[in-house]
1. From the list E70, E85, which residue is under 20 Å from the mean Cα position of the chain (by Cα) and either free of Cβ contacts under 8 Å to residues at least 24 places away in the same chain or under 16 Å from T108 (Cα atoms) (or both)?
2. Given the condition β-branched (V, I, T), in contact (Cβ under 8 Å) with a residue 24 or more places away in the chain and surrounded by 13 or more Cβ atoms within 10 Å (Cβ to Cβ), answer yes or no: does some residue in segment 218-237 qualify?
3. Can you find even one residue in segment 86-96 that is over 18 Å from M118 (Cα atoms) and out of contact with any helix residue (DSSP H, G or I) (no Cβ under 8 Å at 6 or more places or on another chain)?
4. Name the one entry in L21, L10, L77, L41 that is of a type in the set (A, V, I, L, M, F, W, C) and open to solvent by 30 Å² or more (accessible area, probe 1.4 Å).
5. Any residue at all in segment 132-155 that is charged (D, E, K, R), surrounded by fewer than 17 Cβ atoms within 10 Å (Cβ to Cβ) and outside any helix (DSSP H, G or I)?
6. Restricting segment 80-99 to residues that are under 17 Å from S51 (Cα atoms) and among the β-branched types (V, I, T), which is surrounded by the most Cβ atoms within 10 Å (Cβ to Cβ)?
7. Among residues belonging to segment 283-300 that are open to solvent by 40 Å² or more (accessible area, probe 1.4 Å) and either under 15 Å from V185 (Cβ atoms) or of a type outside the set (D, E) (or both), point out the one that is modelled with the lowest pLDDT.
8. Restricting attention to segment 93-103, and to residues there that are under 18 Å from G14 (Cα atoms) and in contact (Cβ under 8 Å) with a residue 60 or more places away in the chain, which single residue is farthest from the chain's Cα centre (by Cα)?
Amino acid sequence: MAVRIGFIGLGNMGGPMAANLVKAGHKVTGFDLNPAALEALENAGGKIADSATGAAEGAQVVITMLPAGEHVRQVFLHQGGLIDEVKDARPLLIDCSTIDVDTAREVTAAAAEVGLAMLDAPVSGGTAGAQNGTLTFMVGGTDEAFACGKPILAAMGKNIFHAGGPGAGQAVKICNNMMLAINMVGVSEGFLLAQKLGLDWTTLHQICSTATANSWALSNYCPAPGPVPAAPSNRDYAAGFAAALMVKDVKLAQAAAEATGSPTPLGTQALSFYQKVVEEGDGGKDFSVVFRWLAKQKRE
């Protein structure tokens, strides 16, 4: 059944996600500050609005995909915010941004106060997953809200997980990305050591991808050029998931670790590496470019 969907935030992730909703037969109206993003949605068969509230008008589901927690607060909570604007229409609210847990819980609570159900549903899978409709959704919210939202999310992804109550989706996402950041550094170090030892990267990849060192970062997203043709390392690290975004996400994880007293020494170290990648001008490159940064370092 076609659902009327308002989609706010049509960037590298949100644009393809909205287009997949159109392909699934839903009636999508979108808004973004970038005119090119609006044009892309219109070309995909969606409608465009001149404001966030315009995109949400008459919608049964409102989805946001925004850069950071401050933007989510601005859209939902501040003067003229969406929660006040749509409370009488009672749409399901789904925020797919990656933000801090506290903001997710605060916005969900504000929605609940006026009788609106809301899910925090950050994603994993990068731009390729957004384009191909193969994203993983990590969802926080009530059982009832999840049941309502799952069919919509299924039009944009293939793995839809209910992680728990409000904020649980964001909690899973920051843990996942911290582990990914650490893992990518480890894979990079292994391939650089192998090179110094005279090993062929393709041979190393073939062996390790069937051994105990195997991981998604190694088998699917190898940071060393050559072994995985589709990986960003073979396209001058053209971003699937930018290093600057990894810095943002690992900072969220570190803030959560600080608040909860959780030891994350490897997360702290990985963050310092990615920050240096950004400082040297590669923040727009894929996060696997940390391999190239490490290759320039000397053993202390």
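The values are calculated or read from the model by the stated rules, or taken from the named source; none is laboratory data. Predicted model, so just to flag it, every value in this text is computed and none were measured. Don't worry about glycine lacking a Cβ; one is built from the backbone with ideal geometry, like all the others, and counts go over all protein chains shown. When the accessible area is computed, the model is the full protein with side chains, heavy atoms only, and any ligands, DNA or RNA have been set aside. Shrake-Rupley method; radii C 1.70, N 1.55, O 1.52, S 1.80 Å.
1. On the way: E85 fails: under 20 Å from the mean Cα position of the chain (by Cα).
From the options E70, E85, the qualifying one is E70.
2. Step one: list which residues in segment 218-237 are β-branched (V, I, T), which gives 228.
When the remaining residues are screened for being in contact (Cβ under 8 Å) with a residue 24 or more places away in the chain, the result is none.
No; the residues of segment 218-237 include none that is β-branched (V, I, T), in contact (Cβ under 8 Å) with a residue 24 or more places away in the chain and surrounded by 13 or more Cβ atoms within 10 Å (Cβ to Cβ).
3. First pass over segment 86-96, keeping only residues over 18 Å from M118 (Cα atoms): none.
Checked segment 86-96: no residue is over 18 Å from M118 (Cα atoms) and out of contact with any helix residue (DSSP H, G or I) (no Cβ under 8 Å at 6 or more places or on another chain).
4. Details: L21 fails: open to solvent by 30 Å² or more (accessible area, probe 1.4 Å); L10 fails: open to solvent by 30 Å² or more (accessible area, probe 1.4 Å); L41 fails: open to solvent by 30 Å² or more (accessible area, probe 1.4 Å).
Of L21, L10, L77, L41, the one residue that is of a type in the set (A, V, I, L, M, F, W, C) and open to solvent by 30 Å² or more (accessible area, probe 1.4 Å) is L77.
5. no
6. Checked segment 80-99; the qualifying residue surrounded by the most Cβ atoms within 10 Å (Cβ to Cβ) is V86.
7. Here is the first cut: in segment 283-300, the ones open to solvent by 40 Å² or more (accessible area, probe 1.4 Å) are 284-285, 292, 295-300.
Applying the additional criterion that residues be either under 15 Å from V185 (Cβ atoms) or of a type outside the set (D, E) (or both) yields 284-285, 292, 295-299.
On the way: G284: 96, K285: 97, R292: 98, A295: 97, K296: 96, Q297: 95, K298: 89, R299: 85.
If we take residues in segment 283-300 being open to solvent by 40 Å² or more (accessible area, probe 1.4 Å) and either under 15 Å from V185 (Cβ atoms) or of a type outside the set (D, E) (or both), then R299 is modelled with the lowest pLDDT.
8. Restricting attention to segment 93-103, the residues satisfying the condition of being under 18 Å from G14 (Cα atoms) are 93-99.
Imposing the further condition that a residue be in contact (Cβ under 8 Å) with a residue 60 or more places away in the chain reduces the set to 96-99.
Working: C96: 8, S97: 7, T98: 6, I99: 9 Å.
The qualifying residue farthest from the chain's Cα centre (by Cα) is I99.
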